[in-house]
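K.L.:
Before I ask anything, here is the structure I am working with.
The values are calculated or read from the model by the stated rules, or taken from the named source; none is laboratory data. Remember, predicted model here, so these are calculated numbers, not experimental data. Note that each Cβ is placed from the backbone with ideal geometry, even for glycine, and that neighbours are counted across all protein chains shown.
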Amino acid sequence: MPALTLAELQAHLGGTIRGDANTRINGVASLLHAEPHQLSFLLSSKYLVQARASAAGALIVPDALDAELLQPCLAVANPHASFARAVALLQPEPLLEPGIHASAVIAEDAVIGAEVCIGPGAVIGSGANIGARCQIGALSVIGPGVKLGEDCFLHARAVVQHGCILGNRVILHPGAVIGADGFGLAWDKSIEGGRWLKVPQAGRVILEDDVEVGANTCIDRGALDDTVIETGVKLDNQIQIAHNCRIGRHTAIAACAGVAGSSTIGAYCQIGGAALIQGHIDICDRVTVSAGTFVTKTIREPGVYTSVQPLMKHEDWKHNAAHLRHLDALVRRVKALEEKLKDN
Amino acid sequence: MPALTLAELQAHLGGTIRGDANTRINGVASLLHAEPHQLSFLLSSKYLVQARASAAGALIVPDALDAELLQPCLAVANPHASFARAVALLQPEPLLEPGIHASAVIAEDAVIGAEVCIGPGAVIGSGANIGARCQIGALSVIGPGVKLGEDCFLHARAVVQHGCILGNRVILHPGAVIGADGFGLAWDKSIEGGRWLKVPQAGRVILEDDVEVGANTCIDRGALDDTVIETGVKLDNQIQIAHNCRIGRHTAIAACAGVAGSSTIGAYCQIGGAALIQGHIDICDRVTVSAGTFVTKTIREPGVYTSVQPLMKHEDWKHNAAHLRHLDALVRRVKALEEKLKDN
Amino acid sequence: MPALTLAELQAHLGGTIRGDANTRINGVASLLHAEPHQLSFLLSSKYLVQARASAAGALIVPDALDAELLQPCLAVANPHASFARAVALLQPEPLLEPGIHASAVIAEDAVIGAEVCIGPGAVIGSGANIGARCQIGALSVIGPGVKLGEDCFLHARAVVQHGCILGNRVILHPGAVIGADGFGLAWDKSIEGGRWLKVPQAGRVILEDDVEVGANTCIDRGALDDTVIETGVKLDNQIQIAHNCRIGRHTAIAACAGVAGSSTIGAYCQIGGAALIQGHIDICDRVTVSAGTFVTKTIREPGVYTSVQPLMKHEDWKHNAAHLRHLDALVRRVKALEEKLKDN
């Protein structure tokens, strides 16, 4: 791993050094587990006790908190972002081996940019276009006609189906599936009893610049128009984005969430884990949806929205759940009491 | 893309032409984005304003609605189904390249039908039997002893584990896993504290004709008997079907739903996204389960069933959630009031 | 398939034979479908009627129940665990073909233990270490520096990302992704409007001995410290375990559950399907979380916990859901009535 002095880190990250600027670090760790050769960080004064007890060789701290600590510190305005940059410098993710592995299967008419790395067994389809410096992980599949911008990183075993478009610096984690068919079905009564007829999905998926897609997350191609994920959107693992959706720029969606067909989510939203967005609704910019929440109607006002059953001991829940089934009757009983007292 | 006149489309789809039967179209698009060389459609008079404003070269419309429009129209009884067929004609999905790719690994004793296409890196196990005209996508894995009917389409990176049986025209999308082990565990007290002992899963998965399985959806093999998905069932992405389940013919299940072990769902049901069906229960034919609903008991009557918390602003939810925890107390308070008034 | 007499089975499993110890069986089946050459089992007297009607050649039964049956029986203390062992003997899962397939891509400096089997197209990264007798399925990917203990079974198309550590006898099902990046994001205001900055994930995933991971389940690597799944933990399909979590020994988690970042679950817990554990909370040992339940706070007491909306007919639900939105108002109305009656 690379080793840097605190002064060298400061040259990359800015901020103010307190203590020995020649302190040498070669890795990162949590406050609890850091060793003297490692860098750690704290977000606020809430972590001061832990920070003072930490064996870390140096700390990234919020401005003004450096005076509270004995370790060499780099004080910055946004310690989380600065620490993220420090990790990238000190413990860079392993890249693919340079060049194109002999076992990769690349269509003759595919266009492969400069310095592209392609891992073992990866498959690149006819007419695909891979921008400069892309990393295509082992056993990934790039369908016919797919276009990737520059500096994309597809981890092992990602799939991009035919015709989809990825911008620059897009990251796909293992098992991500971009551009599978949307769930388009027409009910066909031409046979006895009826059956579902598949509606071929003629649209594409567009992932704009800096989109990140988690492991085993699926984004379906549009039925006719495209499914669009705008610049800077971050999607965690196991998410389902159905056909014709549009997710606005810099929105983040946590794991296991689902967005049903033809819904739009605005910019700068935060969607909690396992949240469910019904089809054909719109969520405006700057909305936070709590984890586990089911959004059943269009949201036109920024704010925090929730629909979660509170956790109970099972015995308590049993009593409450029975009442929940009869809430309508309870409301009528209260109304009857109110009427009675009015007469009094 | 193929180009067809409206008259040629009519020859395939039936219906009545209004306007120029020689109108030539070579693609499909939504009302909003269609260009003069493209076909679009509308489902009902609800979309008339959009349809009138559309630049589409021709429209598929419900019977009797053609008179309301200026574009050349094909009037049909079921526009959604007819449009589905038109898309298949005008923008057919790209097929695999003919033949068996040199990098595919096929067991010597596997039986490969006529005109089967097998993509790069696909693996076909010992004793597998692949019916005529199947398409096996890149990096798919067909386990030992698996049987596929005719005209199946396995997209890239599907997995069918040993011994499973697929009918004709089955579609598997990328990442689908058919026949992984069910979650069978026996509690074993023979070591201190106890531990889970794996119960080997000896059943199979049977997918009957015309089943479609979405991306990253899992269907587990039976513990002893088989897990069975009947004719025409359509499963969206990210679904989990546990061991020993049976899903009745022509039932459709939306994304992220889960069906726990040994449950059965009848024919012609519609299960909403992220719905959860508990284990060992039965759902009769023609039941609709709303999205996000948790089915905790057997359903014997057709109809629509729901169990969803309504969406609220977080502040309102906080107040309500507190009361939910004390609903039992509230019911007792109402009862006390009723008693008091009775005494009055 | 191997054939065994009841006496031979007894030699492996213990227990007491009633009836012909020479009864020969060569497979397993359910009570309903078993044929005379097959073994079946029952867990309790609840299944006696079915057992009496079964054509099974022999039965594994709870102690003392053998007298109730006419078939040859092996009476044991724990029929479920004994049957699990019998299935493993009578219908062993197919193993990979011996040796390393010519199409596998193995880094020169990887260390491959004795009797390891590696399937077609599998990829083993630089510095990886594969313990004796491991089975690495077709098209699996083992990243650089990964260590596997002995007797692991990776089914087709599993992924283990760089640096992760697996103990002995770990099982990964198809599509499982171990060690993808956690969802670490820092909000960066250095550009207009702000954006998410990726926090590189420097930790690993540690899977201890006897862990089983279901199909398409994801376990993210830690941000700084490791994500740890302790000995004997069993994870079903489609589960998401976020970064920095720790799951205690012999805990079982059913399909579609999600555990958000930095949460810990104790030992001997049972987490139901689609349950959701919020981030940064702790669940103590021996807790059962019901299926579909959302755990929003730390649980310090063993027991069963639930938060589920009861299932209703949709029409009933509509009325109730409206009241749920106004529960706060209802409570105030009851309070007003109480006040009024106090004044009376």
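K.L.:
Kindly evaluate B:L69 against the criterion of being surrounded by fewer than 21 Cβ atoms within 10 Å (Cβ to Cβ) and within 30 Å of C:A102 (Cβ to Cβ).
P.N.:
No.
K.L.:
Could you list, in sequence order, all residues of region C:182-191 that are within 20 Å of A:H155 (Cα to Cα) and either free of Cβ contacts under 8 Å to residues at least 60 places away in the same chain or within 14 Å of the chain's Cα centre (by Cα) (or both)?
P.N.:
C:G184, C:L185
K.L.:
Scan C:G214, C:G194, C:G179, C:G175 and give me the residue that is over 20 Å from the mean Cα position of the chain (by Cα) and either more than 18 Å from A:Q238 (Cβ to Cβ) or not β-branched (V, I, T) (or both).
P.N.:
Testing whether each residue is over 20 Å from the mean Cα position of the chain (by Cα) and either more than 18 Å from A:Q238 (Cβ to Cβ) or not β-branched (V, I, T) (or both) leaves just C:G194.
K.L.:
Can I ask one more? Can you find, within region A:233-256, the residue that is nearest to the other protein chains (Cβ to nearest Cβ) among those that are over 15 Å from C:G261 (Cα atoms) and touching a residue at least 60 places away in the same chain (Cβ under 8 Å)?
P.N.:
Among them, the one singled out is A:A242.
K.L.:
Then there is this: Can you tell me which residues in region B:151-180 are surrounded by fewer than 24 Cβ atoms within 10 Å (Cβ to Cβ), on the phi > 0 side of the Ramachandran plot and in contact with an Asp or Glu (Cβ under 9 Å, 6 or more places away or on another chain)?
P.N.:
Answer for region B:151-180, where residues must be surrounded by fewer than 24 Cβ atoms within 10 Å (Cβ to Cβ), on the phi > 0 side of the Ramachandran plot and in contact with an Asp or Glu (Cβ under 9 Å, 6 or more places away or on another chain): just B:R169.
K.L.:
Moving on to the next point. All but one of (1) touching a helix residue (DSSP H, G or I) at 6+ places or on another chain (Cβ under 8 Å); (2) among the aliphatic types (A, V, I, L, M); (3) at pLDDT 95 or above hold for A:M312, so report the exception by its number.
P.N.:
(3) is the only condition that A:M312 fails.
K.L.:
Give region B:108-123 a look and list any residue that's part of a loop (DSSP other than H, G, I, E, B) and surrounded by fewer than 17 Cβ atoms within 10 Å (Cβ to Cβ), or say none.
P.N.:
B:E108, B:D109, B:G113, B:A114, B:E115 - these are the residues of region B:108-123 that are part of a loop (DSSP other than H, G, I, E, B) and surrounded by fewer than 17 Cβ atoms within 10 Å (Cβ to Cβ).
K.L.:
If you scan region A:76-101, which residues turn out to be in contact (Cβ under 8 Å) with a residue 12 or more places away in the chain and assigned to a loop (DSSP other than H, G, I, E, B)?
P.N.:
A:A77, A:Q91, A:P92, A:L95, A:L96, A:E97, A:P98, A:G99, A:H101
K.L.:
Still on this structure, I have one more. Pull up region B:130-146, narrow it to residues that are in contact with a Leu (Cβ under 7 Å, 6 or more places away or on another chain) and not in a loop (DSSP other than H, G, I, E, B), then point me to the one that is farthest from C:G119 (Cα to Cα).
P.N.:
B:Q135
Conditions tested, residue by residue: (1) within 30 Å of the chain's Cα centre (by Cα); (2) not hydroxyl-bearing (S, T, Y).
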| site | (1), (2) |
| --- | --- |
| A:I281 | yes, yes |
| A:D285 | yes, yes |
| A:T296 | yes, no |
| A:V304 | yes, yes |
| A:L324 | no, yes |
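K.L.:
So how many residues does region B:283-309 have that are surrounded by fewer than 20 Cβ atoms within 10 Å (Cβ to Cβ), at the interface with chain C (Cβ under 7 Å from one of its Cβ atoms) and either in a loop (DSSP other than H, G, I, E, B) or of a type in the set (D, E, K, R) (or both)?
P.N.:
2
K.L.:
I need the full set of residues from region B:179-214 which are farther than 23 Å from B:R249 by Cβ and aliphatic (A, V, I, L, M), in order please.
P.N.:
Listed by number, the residues that qualify are B:A180, B:L185, B:A186, B:I191, B:L197, B:V199, B:A202.
K.L.:
If you don't mind, another one. Using the structure shown, decide if B:L48 is in a helix (DSSP H, G or I), hydrophobic (A, V, I, L, M, F, W, C) and more than 24 Å from the chain's Cα centre (by Cα).
P.N.:
Yes.
K.L.:
On to the next question. Residues in region B:130-150: is at least one touching a residue at least 40 places away in the same chain (Cβ under 8 Å) and either polar (S, T, N, Q) or surrounded by fewer than 20 Cβ atoms within 10 Å (Cβ to Cβ) (or both)?
P.N.:
Taking every residue of region B:130-150 in turn, at least one turns out to be touching a residue at least 40 places away in the same chain (Cβ under 8 Å) and either polar (S, T, N, Q) or surrounded by fewer than 20 Cβ atoms within 10 Å (Cβ to Cβ) (or both).
K.L.:
Quick check on C:A29: is it loosely packed, with under 13 Cβ neighbours inside 10 Å, under 15 Å from C:A88 (Cα atoms) and assigned by TED's automatic domain parsing to the domain that holds C:L74?
P.N.:
Criteria not met by C:A29.
K.L.:
On the basis of being out of contact with any Leu (no Cβ under 7 Å at 6 or more places or on another chain), modelled with pLDDT under 95 and either surrounded by fewer than 21 Cβ atoms within 10 Å (Cβ to Cβ) or in the same structural domain as C:H162 (by TED's automatic domain parsing) (or both), does C:E93 make the cut?
P.N.:
Yes: the conditions hold for C:E93.
K.L.:
Separate question: Out of C:V105, C:V123, C:V61, C:V76, I need the residue that is within 13 Å of another protein chain (Cβ to nearest Cβ), under 23 Å from B:D188 (Cβ atoms) and either among the aliphatic types (A, V, I, L, M) or within 28 Å of the chain's Cα centre (by Cα) (or both). Which one?
P.N.:
C:V76
K.L.:
I've got another one for you. Of all residues in region C:35-55, count the ones that are of a type in the set (G, A, S) and farther than 19 Å from C:A81 by Cβ.
P.N.:
Of the residues in that region, 3 qualify.
K.L.:
Okay, next question. Identify, from the list A:A75, A:A67, the residue that is closer than 15 Å to A:S45 by Cβ, hydrophobic (A, V, I, L, M, F, W, C) and either touching a helix residue (DSSP H, G or I) at 6+ places or on another chain (Cβ under 6 Å) or modelled with pLDDT of 95 or more (or both).
P.N.:
Of A:A75, A:A67, the one residue that is closer than 15 Å to A:S45 by Cβ, hydrophobic (A, V, I, L, M, F, W, C) and either touching a helix residue (DSSP H, G or I) at 6+ places or on another chain (Cβ under 6 Å) or modelled with pLDDT of 95 or more (or both) is A:A75.
K.L.:
Collect the residues in region C:55-66 that are assigned to a loop (DSSP other than H, G, I, E, B) and surrounded by 22 or more Cβ atoms within 10 Å (Cβ to Cβ), keeping them in residue-number order.
P.N.:
Those that are assigned to a loop (DSSP other than H, G, I, E, B) and surrounded by 22 or more Cβ atoms within 10 Å (Cβ to Cβ): C:A56, C:G57.
K.L.:
Sticking with this one: Name the residue, out of B:S82, B:S140, that is among the polar types (S, T, N, Q) and in the same structural domain as B:S40 (by TED's automatic domain parsing).
P.N.:
B:S82
K.L.:
Count, please, the residues in region B:2-13 that happen to be surrounded by 13 or more Cβ atoms within 10 Å (Cβ to Cβ) and touching a residue at least 24 places away in the same chain (Cβ under 8 Å).
P.N.:
Matching residues across region B:2-13 total 6.
K.L.:
When you check A:I277 against the structure, is it crowded, with 24+ Cβ neighbours inside 10 Å and farther than 22 Å from A:A176 by Cβ, yes or no?
P.N.:
no
K.L.:
Looking at the structure I just gave you, is C:V233 surrounded by fewer than 24 Cβ atoms within 10 Å (Cβ to Cβ) and in the same structural domain as C:K147 (by TED's automatic domain parsing)?
P.N.:
no
K.L.:
Give A:S103, A:S126, A:S82, A:S190 a once-over and let me know the one that is hydroxyl-bearing (S, T, Y) and surrounded by 21 or more Cβ atoms within 10 Å (Cβ to Cβ).
P.N.:
A:S82
K.L.:
Ok, one more. Got at least one residue in region B:16-33 being within 29 Å of the chain's Cα centre (by Cα) and more than 10 Å from chain A (Cβ to nearest Cβ)?
P.N.:
yes
Table: residues versus (1) more than 7 Å from every other protein chain (Cβ to nearest Cβ); (2) in contact with a helix residue (DSSP H, G or I) (Cβ under 6 Å, 6 or more places away or on another chain).
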{"position": "B:H173", "(1), (2)": "no, no"}
{"position": "B:I178", "(1), (2)": "yes, no"}
{"position": "B:W196", "(1), (2)": "no, no"}
{"position": "B:P200", "(1), (2)": "no, yes"}
{"position": "B:L207", "(1), (2)": "yes, no"}
{"position": "B:D210", "(1), (2)": "yes, no"}
{"position": "B:C218", "(1), (2)": "no, no"}
{"position": "B:D225", "(1), (2)": "no, no"}
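K.L.:
Continuing with this model, one more query. Restricting to region B:254-271, what's the tally of residues that are surrounded by fewer than 24 Cβ atoms within 10 Å (Cβ to Cβ) and assigned to a loop (DSSP other than H, G, I, E, B)?
P.N.:
Qualifying residue count, region B:254-271: 7.
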